[in-house]
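Notes follow once the structure below has been shown.
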Amino acid sequence: MTTVDVICYKYKPLKTGELPLKIKVCKDRKTRYINLGVSTKAEYWDFEKNQPKSTCPDRELLEKLISSKISEVKSKIVELKSEDKEFSATTLVDKVSNPVRLVTVGELSKQYLSRLEEEKRTGYRLSIQQTYNSLIKFNRHLDIPFSEMDCNWLRRYETWLRKQGKSENTIGIRFRNIRTIFNLAIDMELVKQEDYPFKKFKVAKLHQETAKRALSKDEILAVTNYPTDGKDFYTRLAVALFTFSYFMGGINFVDMAYLTDKNITEGRLIYHRKKTSKLINLPLQDEAIMVLKGYKDSSKGYLFPILSNEHRTEQQKLNRLHKVITKVNKVLKAIGEELNIPIKLTTYCARHSYATVLKRAGVATSIISESLGHSSEKVTQIYLDSFENNQIDKALEFLK
């Protein structure tokens, strides 16, 4: 049982001689007090009935204040019990005395963006920033509580996005990002579970199948064997990155850009993915070793000549990555057209092709998924992490 009463605290009179009024909370034989910030003279307090005497000059105001605070405490007790949350006299008093300040959608979004920046999750931070900017354009401001972001609000935002001509996948990304921040708000107890709109508003419907980017083995080998002698810097780099990605587990462009000598240990490539932080541990294929030898003396601290020690800040690195990937994919597109490859050739095609070739060779989907890097990328990565290295090593043999 939890009891809540008011007391006139006669044990510590104030300098004025008056006695402070407090709310007394008892639970599990523990007693805690909430100071009401008001006091009265002992002669005006009925200690038997525990209430102001009829002669008290501020009787009505004191009774109203006492009743309001007791109701507030009891209401908090009902709330905690309804949510099946454990509490003590101390935590109850703390929740009533120090209520959580209202944090708006905008404030929490900015906090999350700062956290992503500290964690150097540049790509994902950009996605959240784009969603934040989009919401500002739609609503003009985000100084709103999370409870206001209900199903009707989300539907209006979806309609607005469609009028803006956004693709189905872009709309899906926007809403997945909103859901992430909303879940964070719930975890921080900034909004109640019953205000969660995504039980009714289904994000899963906002998904569009992307055109396949996988090549046949003959097409892949045509790219990896593309003659680069005498070609310009970006042509050589484009073919090198495509080849390295295909033979090394579909490693993506950003992860390749950050590789250094420290990622090579006893003939294996070991690195953490920038996007998921998952550990990747693969044997270096002969074709990949040949690629690296070509850049051994020109990479300036990195395995590939994409980043250098001159790129110190995250923004400088991001700008450089954007510049290089744009030029590399432009070159790959031209190579693809020259080789009569039916789809637009990019570095990401190597990642998709890696998965598809293994699957077509009969490798179990528990080791590698055809949709590596898309909606089931996390599942695929979990599977990869759970297998012994020799199982993956054997699977990679199918690439040749």
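Rounded to the nearest 10 degrees, the angle from helix 233-247 to the longest Cα principal axis of the chain is 70 degrees. Fully extending the segment from ARG273 to LYS327 would add 17.1 nm, taking 0.36 nm per residue of separation and subtracting the current Cα-Cα distance.
LYS49: which aspartates and glutamates have alpha carbons under 19 Å from its alpha carbon, excluding same-chain residues fewer than 8 sequence positions away? The reachable aspartates and glutamates, counting only those whose Cα sits under 19 Å from LYS49, are ASP5, GLU18, ASP58, GLU60, GLU63. Ranked by the mean number of other Cβ atoms within 10 Å per residue, highest first, peptides 264-270, 282-288 order as 282-288, 264-270.
Peptide packing: for 331-341, 3-13, 46-56, the average count of neighbouring Cβ atoms within 10 Å per residue gives the ranking 331-341, 3-13, 46-56, highest mean first. The angle between the Cα long axis of helix 105-118 and the main principal axis of the chain comes to about 50°, on a 0 to 90 degree scale. Cα to Cα, under 20 Å, and not fewer than 8 places away if on the same chain: which aspartates and glutamates meet these conditions relative to LYS344? In chain and number order, the partners are GLU209, ASP218, GLU219, GLU370. Given R₀ = 60 Å, what would the calculated FRET efficiency be for GLN315 paired with ASN35, taking r from the Cβ atoms and rounding to 0.05? In this case the efficiency is close to 0.75. In this view, the solvent-accessible surface of GLU189, computed with a 1.4 Å probe and all protein chains in place, comes to about 100 Å². Site pair ARG156 and ASP58 shows an inter-label distance of 4.4 nm when each label is modelled 7 Å from Cα along Cα→Cβ.
Between SER67 and GLU86, full extension at 0.36 nm per residue minus the direct alpha carbon distance yields a gain of 4.3 nm. What shape does the chain have by the C-alpha gyration tensor, where a ≥ b ≥ c are the square roots of the eigenvalues, rounded means a/c under 1.5, and otherwise prolate means a/b greater than b/c and oblate the rest? Prolate shape, in that a/c is at least 1.5 and a/b is the bigger ratio. The label-point distance for LEU14 and GLU43, in a model that sets each label 7 Å from Cα toward Cβ, rounds to 1.8 nm. Build a GNM of the chain with springs between Cα atoms under 10 Å: which of PHE253, PHE87, PHE244 gets the top mean-square fluctuation? Between PHE253, PHE87, PHE244, it is PHE87 that shows the largest mean-square fluctuation. Residues whose amide H falls under 5 Å from that of VAL103, counting only those 5 or more places apart or on a different chain, are absent, with hydrogens built in the peptide plane. Here the extension length gained between LYS163 and GLU397 equals 79.4 nm, from 0.36 nm per residue of separation less the Cα-Cα distance.
For the pair GLN51/GLN130, report the inter-label distance in nm, with labels modelled 7 Å from Cα in the Cβ direction. It is 6.5 nm.
Here the chain exposes an accessible surface that is 49 percent carbon and sulfur, computed with a 1.4 Å probe and the other protein chains kept in place. Size estimate for segment 1-46 follows the Kirkwood approach: the inverse of mean 1/r over distinct Cα pairs works out to 11.2 Å. Note on LYS85: lysines with a C-alpha under 27 Å away, same-chain residues under 8 apart excluded, are LYS22, LYS24, LYS27, LYS30, LYS69, LYS74, LYS76, LYS95, LYS192, LYS199, LYS200.
The values are calculated or read from the model by the stated rules, or taken from the named source; none is laboratory data. Keep in mind that what you see is a predicted model, and the values were worked out from it rather than measured. FYI the Cβ positions are ideal-geometry reconstructions off the backbone, even for glycines, and counts take in every protein chain you see. Remember, those area values only see protein heavy atoms, side chains included, never the ligands or the DNA or RNA. Shrake-Rupley method; radii C 1.70, N 1.55, O 1.52, S 1.80 Å.
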